[in-house]
Structures are given as C-alpha cells and as structure tokens.
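Peer 1: Pasting in a structure now, in structure tokens, and then I'll have a few things to ask.
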Amino acid sequence: MTTARPGPARPPRLLRLLAGTALALLAACSGPGEPDDGLPVLPVTVFAAPSQSLWLPTLITELGLDEKQGFRLRVNPKPGQVAYTDFATGADPVCYCANPAAVARFVQQGADITLLWNAFELDYYVITRRDDIRTLQDLHGKRLGADTSSGTWAIAAWLLQGNGVALDRVDLRSSSHHAAGVAELKLGRLDAIVSGMVDLAILRSGEDAQAWRALELDRERLWPGEAGAGVPSIAFGVWRPWLQAPGNLELARKLYRASREAADYLARHPDEAARIVSAKTAMPEAALRALFRERPDMIDIRPMPEYRDAVKHLTQEVLPRAGQLERPLTDTELAGYVHDFAP
C-alpha cells in the first residue's frame with residue numbers, strides 16, 4: 001500500500017524572500033494593473049478546467065460584467081500545482097482558486113496572503129462503479145485516487161477518517177489532474193476517486209451514466225455548530241502588498257460585485273450559463289447544465305469575515321490534528337489570513 005503526503009512543496013526560503021521584496025516594491029510604486037482602453041486590468045490566476053474556479057471568471061468576461069463594473073478581468077488558467085506554486089511564491093499575487101486549507105500552509109511558511117471572500121462551499125464525494133463498494137469502509141484494500149496536492153485533499157482526508165476510513169488501509173494513488181483520475185477510474189486502474197460534484201456530473205453525462213455511484217462524505221456530525229454552517233472551499237485570495245497598492249482594494253470590490261452578478265446569472269439562466277462556460281473551457285455542456293440546474297447552491301459568495309469561525313476551526317483544530325498543518329495557526333496569523341473585507 002502507498003500513501004501520499006499532501007500539499008505542494010514548500011517554496012525555498014530565498015524564493016519566498018525575493019517574492020516578498022518584489023511585492024513590496026509593487027505596492028510602493030504601482031497601481032491596479034496596466035491600463036487597457038482606459039480601464040484598469042485585473043489579472044487573476046485560476047485552476048484550469050474542469051475546476052469550478054473557472055465558472056465565475058468566464059461568465060464575468062463573456063457577459064461583460066467586468067466592464068460594467070469599470071475594469072477588465074484577465075483570467076490565467078493554470079494546472080493546480082503550477083497555480084499554487086506561483087501563488088505561494090508571489091509570482092501571481094491574485095488567486096481566484098485559494099482553498100483556505102491549502103493556502104494556510106503558505107501563510108504558516110511566511111507568505112503574506114489574505115483571503116477576501118469565499119465563492120464555493122465544500123462538497124466532496126467518493127465516486128465508484130464497483131458493486132463491492134457500497135459504504136466508505138468498503139474502500140479498505142481498494143485503490144483510491146485523489147488529488148493530494150490540493151487543498152481539497154486536506155479536508156477530504158479528515159472527512160474520510162471521520163467517516164470511518166482508515167487511510168493506512170487504503171491504496172492511495174495521487175494524481176495532480178482531475179481528468180487523469182477520471183480516466184484511470186474509467187479504465188479500471190482505480191476503484192474509486194475522491195472528488196466533488198464536477199467530476200461526478202461529467203461521469204454521469206457520459207454513455208454509462210447509470211453505472212456511477214456517489215458516496216457522500218458526511219460532515220454534519222463532525223462540524224461543530226459554533227464554527228458556522230458553511231465550510232469554505234474556493235476563495236479569492238491575494239498577497240497583502242498587492243492589496244495595499246493604490247486602487248487595488250477597490251478593484252477587488254469591483255470583482256466581488258461582478259462575481260455576485262455572475263452567480264445570479266448562473267442561477268437564473270443555467271442552460272445559457274452552461275453553454276457559455278462550456279464554449280470557453282471545453283467542459284462538457286451537459287454536465288455543466290445538470291450542475292447549474294441542480295446545484296447552484298454550491299456557489300455561496302460571502303465576505304471572508306463571515307467564515308472566520310470556520311477558518312479558525314480548520315486551521316487551529318482540524319488540519320493540525322490530521323497532519324495537514326505543522327502546527328495550528330496562531331491568532332495573529334489567523335487575523336491576517338482572514339481579511340476584514342467589506343464589499
């Protein structure tokens with residue numbers, strides 16, 4: 001059996017110091033992006049398809065919601081590991097793909113990153129078509145695929161263990177790309193994968209749609225009431241020196257407003273939203289249409305202060321106990337990590 005140590009590699013100390021210096025210079029001498037037809041430009045890094053971090057930025061640019069708010073959004077899709085490395089080192093100071101669990105490691109390692117708002121709620125499943133996997137405990141002795149380089153694994157591992165899965169009894173296969181995991185599952189090289197609604201919808205939109213089953217990772221009995229009802233999954237995060245540059249906080253507020261409009265459009269026009277996102281990302285339109293019709297509640301855009309107790313519980317209790325953080329975040333680190341963002 002094999003196990004995988006989650007999380008992207010820690011950036012070298014010199015590289016992190018250089019990134020901090022560069023960002024400090026940026027904050028001191030530059031404003032919100034280069035001008036383009038008189039409008040400020042906001043470059044943001046997102047995960048490449050099929051990540052849902054692409055949905056809202058795609059709708060914003062295709063519907064012209066950025067221009068409506070007085071800026072231009074420049075979307076930079078990257079593979080998950082590349083996106084997180086560039087964000088962790090400060091090469092990309094703005095990320096619309098910040099998983100609060102994963103990015104907490106960067107903060108602990110000295111990255112001056114803060115989260116402004118959350119966009120997606122946590123939603124994880126074990127997906128399989130094997131007849132002998134009917135409960136989560138049936139994963140023991142089976143080959144389980146997961147993207148252990150991402151923040152999704154940090155919480156999914158905790159949920160699996162909390163639902164009775166002994167990870168040392170599972171043959172864990174790590175994949176840094178969703179499509180690779182899905183392909184291996186289809187080919188029978190994996191018995192199950194840990195993923196969210198996106199991969200499940202893609203599988204259920206194919207020819208053998210009825211063959212796929214989803215076992216939900218129940219969090220209700222594991223998540224304390226004082227931590228709030230929501231568990232943040234994908235957030236908008238930035239390096240603090242970037243945010244302190246003149247005009248950038250207001251630029252972030254404009255993106256927040258555009259994001260709320262895009263989410264509202266998706267809920268009111270799920271079929272058209274699916275067509276737009278599919279055309280720009282090559283994600284299956286049928287899968288997107290099913291998701292947008294049935295699960296618009298996956299999107300829950302709220303300022304990060306409303307998730308302060310949830311992030312506190314994750315970074316000071318759940319993740320350290322699960323070995324996902326070297327130690328709990330201090331109260332000072334947490335105060336900087338959860339920005340006091342007001343739209």
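The values are calculated or read from the model by the stated rules, or taken from the named source; none is laboratory data. These figures come from a predicted structure and were not determined experimentally. With ideal geometry, Cβ positions are generated from the backbone for all residues, glycine too; neighbour counts draw on all protein chains shown.
Peer 1: Hey, any hits in the range 222-230 for a residue that's buried (at least 18 other Cβ atoms within 10 Å of the Cβ), modelled with pLDDT under 95 and within 30 Å of G110 (Cβ to Cβ)? Can you show your working first?
Peer 2: Going residue by residue through the range 222-230, those that are buried (at least 18 other Cβ atoms within 10 Å of the Cβ) are 223, 227.
With modelled with pLDDT under 95 added as a condition, the list becomes 223, 227.
Retained after the next criterion (residues that are within 30 Å of G110 (Cβ to Cβ)): 223, 227.
Yes, some residue in the range 222-230 is buried (at least 18 other Cβ atoms within 10 Å of the Cβ), modelled with pLDDT under 95 and within 30 Å of G110 (Cβ to Cβ).
Peer 1: State whether one or more residues within the range 150-163 are crowded, with 21+ Cβ neighbours inside 10 Å, over 22 Å from L314 (Cβ atoms) and in the same structural domain as V182 (by TED's automatic domain parsing). Step through it out loud before you land on a result.
Peer 2: Of the residues in the range 150-163, the ones crowded, with 21+ Cβ neighbours inside 10 Å are 150-160.
Filter once more, so that each one left must be over 22 Å from L314 (Cβ atoms): none.
Scanning the range 150-163, I find no residue that is crowded, with 21+ Cβ neighbours inside 10 Å, over 22 Å from L314 (Cβ atoms) and in the same structural domain as V182 (by TED's automatic domain parsing), so the answer is no.
Peer 1: Please list, ordered by first then second residue, the pairs with beta carbon atoms under 8 Å, 6 or more apart or interchain, first in the range 237-259 and assigned by TED's automatic domain parsing to the domain that holds D66, second part of a loop (DSSP other than H, G, I, E, B) and among the charged types (D, E, K, R).
Peer 2: W239/D112; R240/D112; P241/D112
Peer 1: While we're here: Give the range 186-206 a look and list any residue that's within 20 Å of the chain's Cα centre (by Cα) and either outside any helix (DSSP H, G or I) or in the same structural domain as Q52 (by TED's automatic domain parsing) (or both), or say none. Before you say what the answer is, go through the steps one by one.
Peer 2: Taking the range 186-206 as the starting set, the residues that turn out to be within 20 Å of the chain's Cα centre (by Cα) are 193-202.
Within the range 186-206, I193, V194, S195, G196 qualify.
Peer 1: Here is a check on your reading of the model: is T315 among the polar types (S, T, N, Q), modelled with pLDDT of 90 or more and under 20 Å from L122 (Cα atoms)? Walk me through how you get there before you give the answer.
Peer 2: Values: among the polar types (S, T, N, Q): yes; modelled with pLDDT of 90 or more: yes; under 20 Å from L122 (Cα atoms): yes.
Considered against the rule, which asks whether it is among the polar types (S, T, N, Q), modelled with pLDDT of 90 or more and under 20 Å from L122 (Cα atoms), T315 comes out as yes.
Peer 1: Taking the options R134, R105, name whichever one is farther than 22 Å from Y256 by Cβ and outside any loop (DSSP other than H, G, I, E, B).
Peer 2: On the way: R134 fails: outside any loop (DSSP other than H, G, I, E, B).
From the options R134, R105, the qualifying one is R105.
Peer 1: Which numbered condition trips up D138, out of (1) in contact with a Phe, Trp or Tyr (Cβ under 6 Å, 6 or more places away or on another chain); (2) at pLDDT 95 or above?
Peer 2: Result: D138 passes all but (1).
Peer 1: Now for a different question. What are the pairs, 6+ residues apart or on separate chains, where a residue within the range 80-99 that is in contact (Cβ under 8 Å) with a residue 12 or more places away in the chain has its Cβ under 9 Å from a residue that is among the β-branched types (V, I, T) and assigned to a helix (DSSP H, G or I)?
Peer 2: Pairs that qualify, where the first residue is in contact (Cβ under 8 Å) with a residue 12 or more places away in the chain and the partner is among the β-branched types (V, I, T) and assigned to a helix (DSSP H, G or I), are Y84/V103; F87/V103; A88/V103; A91/T85; C95/V103; N99/T152; N99/I155.
Peer 1: For the structure I just gave you, tell me whether V238 is assigned to a helix (DSSP H, G or I), touching a Leu at 6+ places or on another chain (Cβ under 9 Å) and at negative phi. Show your work before the answer.
Peer 2: Values: assigned to a helix (DSSP H, G or I): no; touching a Leu at 6+ places or on another chain (Cβ under 9 Å): yes; at negative phi: yes.
Judged against the criteria, V238 is not a match.
Peer 1: Could you figure out which of (1) outside the structural domain of P296 (by TED's automatic domain parsing); (2) within 26 Å of R105 (Cα to Cα); (3) not hydroxyl-bearing (S, T, Y) isn't true of I234?
Peer 2: (1)
Peer 1: Turning to a different aspect of this structure: Among A179, A209, A183, which is surrounded by fewer than 17 Cβ atoms within 10 Å (Cβ to Cβ), more than 18 Å from the chain's Cα centre (by Cα), modelled with pLDDT under 80 and not β-branched (V, I, T)? I'd like the intermediate steps shown before the answer.
Peer 2: On the way: A179 fails: more than 18 Å from the chain's Cα centre (by Cα); A183 fails: modelled with pLDDT under 80.
Testing whether each residue is surrounded by fewer than 17 Cβ atoms within 10 Å (Cβ to Cβ), more than 18 Å from the chain's Cα centre (by Cα), modelled with pLDDT under 80 and not β-branched (V, I, T) leaves just A209.
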